[in-house]
Amino acid sequence: MRQFIDRTQAGEELAKVLVDKNYRDPLVLAMPRGGLPVAVPVARALKAPLDLVMVKKIGMPGNPEFAIAAIVDGEKPHLVINEGVLGSRSVSKADIDAMAKEKLAEIERRKVEYGAGEPISAEGRTAIIVDDGIATGASVKAAIEAMKARNAARIVVAIPVAPPSSVKELSAKVDEVVCLSQPELFFAVGAHYSDFRQVSDDDVKEMMKEFRQPPNKAGQD
């Protein structure tokens, strides 16, 4: 089983692969919080702007780590539901809608905490969505739908590790999936890192200082 030292080292390895692809007008989009340390080396290597995709996973009541849906903010928030999971559980669409409203309120709080302004425009660009790994992919699916709605010319998902089934599923939804490791025996993303410590809000604010752009420059080349 491939083991990464930490998220930064995984991002450096991912960057080596991505830089050779010569993407047109790339925009790197980190899934906070864990995806940001992976995305920073990628954005540096590509000399691309870096922004956050504010997505919140919606977990099963009583088992919050079990993702049943995900919501991403924007002018028109995007809700992606794991229909297969929903059909086998006692949770209704109304329940998920109510939880989604709570998550959107939390996203707004975090945007203020991070000092996030308006999203950098993805229109006509290569949107590269970066996370530290994928299990069910609910959060990434929501980010993908958001990038489609924002008229990205090309959508790439770039992750250090994911099970083959998730890579296959996502490959049908985007232009390209770049995944460094696809173990058949996949238990959790953190199992593939020696150091998988939590990324704090303060960590996010510190990392984003390098990439903050003046409001009138956001989305410009």
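Remarks
- By average C-beta atoms within 10 angstrom, highest first, the peptides 107-113, 28-34, 51-57: 28-34, 51-57, 107-113
- GluC sites (Glu not before Pro) within the stretch 23-84: DSSP coil, no more than 15 neighbouring Cβ in 10 Å: 75
- Potential lengthening between residue 8 and residue 165 on full extension [0.36 nm per residue; Cα-Cα distance subtracted]: 54.0 nm
- Rounded to the nearest 20, the Cβ-based charge dipole of the stretch 1-81 about its Cα centre (Lys and Arg +1, Asp and Glu -1) stands at 80 debye.
- Computed magnitude of the charge dipole of the chain (debye, nearest 20; Cβ of K, R +1, Cβ of D, E -1): 280 debye
- Across the stretch 1-107, the relative contact order, built from alpha-carbon pairs under 8 Å that are at least six residues apart, equals 19 percent.
- In Å², nearest 10: area of residue 76 left accessible to a 1.4 Å probe: 150 Å²
- Length-normalised contact order of the stretch 1-57 in % [C-alpha pairs under 8 Å, at least 6 apart]: 39 percent
- Working from label points 7 Å from Cα in the Cα-to-Cβ sense, the residue 203 to residue 111 distance is 2.4 nm.
- Amide hydrogen neighbours beyond the local backbone of residue 129, cut-off 5 Å, H modeled: 29, 156, 157, 158
- The residue among 90, 153, 116 whose Cα reaches farthest toward the positive pole of the charge dipole of the stretch 59-215, with charges on the beta-carbon of Lys, Arg, Asp and Glu, is 153.
The values are calculated or read from the model by the stated rules, or taken from the named source; none is laboratory data. Owing to the predicted nature of the structure, the values given are computational and were not obtained by experimental measurement. Glycine also receives a Cβ, built like all others from the backbone with ideal geometry; neighbour counts cover every protein chain displayed. Surface accessibility is based on the protein's heavy atoms, side chains included, excluding ligands, DNA and RNA. Shrake-Rupley method; radii C 1.70, N 1.55, O 1.52, S 1.80 Å.
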